[in-house]
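Okay, structure first, notes after.
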Amino acid sequence: MLAIRQAELDALRRHGEETYPHECCGVMLGRMDGDERVVEAVSRAGNTRADSPHNRYNIDPRELVRIQRESRERSLDIVGFYHSHPDHPARWSQTDLTEAHWVGCSYVITSVEKGRAAATNSFALEGSGEDDKHFTDEQIRVLANGSGGLKLVIGDL
Ligand SMILES: [Zn+2]
């Protein structure tokens, strides 16, 4: 299960609207609470896939390292990734699975139809490694803004 506040959910959905008709991508930072991933901040990343930005995304490894370092400084972990599907359903593609490597993380996909964010779904990457990794549908629990008294950080780190 993925728990996310309305504000962070809105932020990652808005990101997909802003980059439409290209895919957006970003990282979700947070912590584990039992088997639930709790998002405490989202960090936008640039899409480096200039060759096919409408249906591919890739986070620059150097940007990911920087996000990882800054999350550690705030005692947060990377709990997931998000991207958008411009004019395509909010379902994972074979490419999404192939390019997902963080077992134990959530992969959130927002469908952006004609520039407006539509459905948002989350998929947990499970398995023991590259050989048997797979996505399973996961529920998104939306928390009211302000719950937990956590600091809200949105945008480029
Ligand atoms: Zn995708």
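Out of all the residues in the range 73-89, is one or more among the basic types (Lys, Arg) and within 16 Å of Ile140 (Cα to Cα)? Working first, answer last.
The initial filter retains those residues of the range 73-89 that are among the basic types (Lys, Arg), namely 74.
Subset that is within 16 Å of Ile140 (Cα to Cα): none.
No.
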Tally time: how many residues in the range 63-111 are surrounded by fewer than 14 Cβ atoms within 10 Å (Cβ to Cβ) and either hydroxyl-bearing (Ser, Thr, Tyr) or within 14 Å of Arg44 (Cα to Cα) (or both)? 4
From the residues in the range 9-55 that are in contact with a Phe, Trp or Tyr (Cβ under 8 Å, 6 or more places away or on another chain) and in a strand (DSSP E or B), which one is surrounded by the fewest Cβ atoms within 10 Å (Cβ to Cβ)? Asn47
If we keep just the residues of the range 26-74 that are in contact (Cβ under 8 Å) with a residue 24 or more places away in the chain and of a type in the set (Ser, Thr, Tyr), which is nearest to the ligand (Cβ to nearest atom)? Tyr57
Some residue of the range 116-128 being open to solvent by 80 Å² or more (accessible area, probe 1.4 Å), touching a residue at least 40 places away in the same chain (Cβ under 8 Å) and either more than 10 Å from the ligand (Cβ to nearest atom) or assigned to a strand (DSSP E or B) (or both): yes
Return the pairs, sorted by first residue and then second, in which the second residue is open to solvent by 10 Å² or more (accessible area, probe 1.4 Å), the first residue lies in the range 1-13 and is under 10 Å from Thr120 (Cα atoms), the beta carbons are less than 8 Å apart, and the residues are 6+ apart or on different chains. Leu9/Thr120; Leu9/Ile140; Leu9/Val142; Leu12/Thr120; Arg13/Ala117; Arg13/Thr120
List, please: which pairs have Cβ atoms under 9 Å, are six or more places apart or on different chains, and start with a residue in the range 79-101 that is near the ligand (Cβ under 9 Å from one of its atoms) and in a loop (DSSP other than H, G, I, E, B) and end with one that is modelled with pLDDT under 95 and open to solvent by 40 Å² or more (accessible area, probe 1.4 Å)? His88/Asn55; Ser93/Asn55; Glu99/Arg56; Glu99/Asn58
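The values are calculated or read from the model by the stated rules, or taken from the named source; none is laboratory data. Treat the numbers as computed from the prediction; the structure is a model and nothing was measured. Heads up, the Cβs are rebuilt from the backbone with ideal geometry, glycines too, and the neighbour counts pull from every protein chain shown. When the accessible area is computed, the model is the full protein with side chains, heavy atoms only, and any ligands, DNA or RNA have been set aside. Shrake-Rupley method; radii C 1.70, N 1.55, O 1.52, S 1.80 Å.
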